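*Asks:* Okay, handing you the structure first.
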Amino acid sequence: LQVMRPTTGTSYDTEQIAYRRAPYRLDYYSRSRWAEPPAEMLGDLMARALEDAGLYRVVLGPAARLPADLRLHTELIALEHVIHGTSQTQGSEVRLAMRMQLVETRSARVLATSTFEIVRPAFSADAPGAVAAANEAVREALAAMIAFCREHTPR
C-alpha cells in the first residue's frame, strides 16, 4: 500500500491554526501554529498507523519509487476550531473532515471511497483547546481510516 500525501485546499495548506466564529469566514490564530501544515502531519501519521495495524506487507510513503498494488488517496476537507456563542457563553469544538479513496494501481480501479466528519468538543475556546481536541479527532480519524482499509482491501 502506498499512502499518498493528503491534498487540501489553500485554507488548510498552512501551519496556521484555523478557527471559525461565523459561517463562511475562516480566521487564523496569530500566535499559535501547527508544527507543519496539517496535511503533512496527517500523511506521516496515516502511514505509521497503517504500518502498525499490520494490514499490509509493506506500507510506502508518497515519495517511494517502488511499485505498489494499492494506493490510498486522501483529501483534508477541513480541520478547524469552531467557536460558538458570545464571550460570556462560549463553547467550542474541532471539526475534522476527510475524504479517502482506495485505488488498485494495476487496473486504476477505485475500490472504495468514503467521506467522514469528526467533531470533538474542545475544553477551551482558544488554541490550546483546539489542539487538544484536534489530537482526539485525529486519533478517531486514524481508526476510521484503518477500518476503511480493512473493509475494502481485496484478500
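The values are calculated or read from the model by the stated rules, or taken from the named source; none is laboratory data. Model, not experiment: these values are computed from the prediction. Note that we place each Cβ from the backbone using ideal geometry, even for glycine, and neighbour counts take in every protein chain shown. Keep in mind that these areas ignore ligands, DNA and RNA; they rest on the heavy atoms of the full protein, side chains included. Shrake-Rupley method; radii C 1.70, N 1.55, O 1.52, S 1.80 Å.
*Asks:* Please give the calculated 222 nm ellipticity per residue for the chain, where each DSSP H segment of at least 4 residues contributes -39500 (n - 2.57) and the sum is spread over every residue; nearest 500 deg cm²/dmol?
*Replies:* After summing the helix terms and dividing by residue count, I get -9500 deg cm²/dmol.
*Asks:* Still on this structure, please answer the following. Rolling a 1.4 Å sphere over the protein heavy atoms, what is the accessible area per residue of the chain, to the nearest Å²?
*Replies:* Heavy-atom accessible area per residue stands at 57 Å².
*Asks:* In Å, what Kirkwood hydrodynamic radius results for region 55-116 from the alpha-carbon pair distances?
*Replies:* Over region 55-116, the inverse of the mean reciprocal pair distance is 14.6 Å.
*Asks:* Hey, what's the Cα Rg ratio for region 74-155 versus the globular rule of thumb, 2.2 N^0.38 Å?
*Replies:* The value comes to 1.38.
*Asks:* Could you tell me which trypsin sites (Lys or Arg not before Pro) in region 1-77 are loop residues by DSSP with no more than 16 other beta carbons within 10 angstrom of their beta carbon?
*Replies:* Sites meeting the loop and neighbour criteria: Arg57, Arg65.
*Asks:* Additional query: With a cut-off of at most 14 other beta carbons within 10 Å, and DSSP calling the residue loop, which GluC sites (Glu not before Pro) in region 64-155 qualify? Please list them.
*Replies:* Answer in residue order: no site qualifies.
*Asks:* Expressed as a whole percentage, what fraction of the accessible surface of region 22-135 belongs to carbon and sulfur atoms when a 1.4 Å probe is rolled over the protein heavy atoms?
*Replies:* Roughly 49 percent, rounded to a whole number.
*Asks:* Normalise the Cα radius of gyration of the chain by 2.2 N^0.38 Å (N = residues in it) and let me know the number.
*Replies:* 1.12
*Asks:* Treat each spin label as a single point 7 Å out from the Cα along the C-beta direction, and report the Tyr24 to Thr10 distance in nm.
*Replies:* Using points 7 Å along Cα→Cβ, the separation is 1.9 nm.
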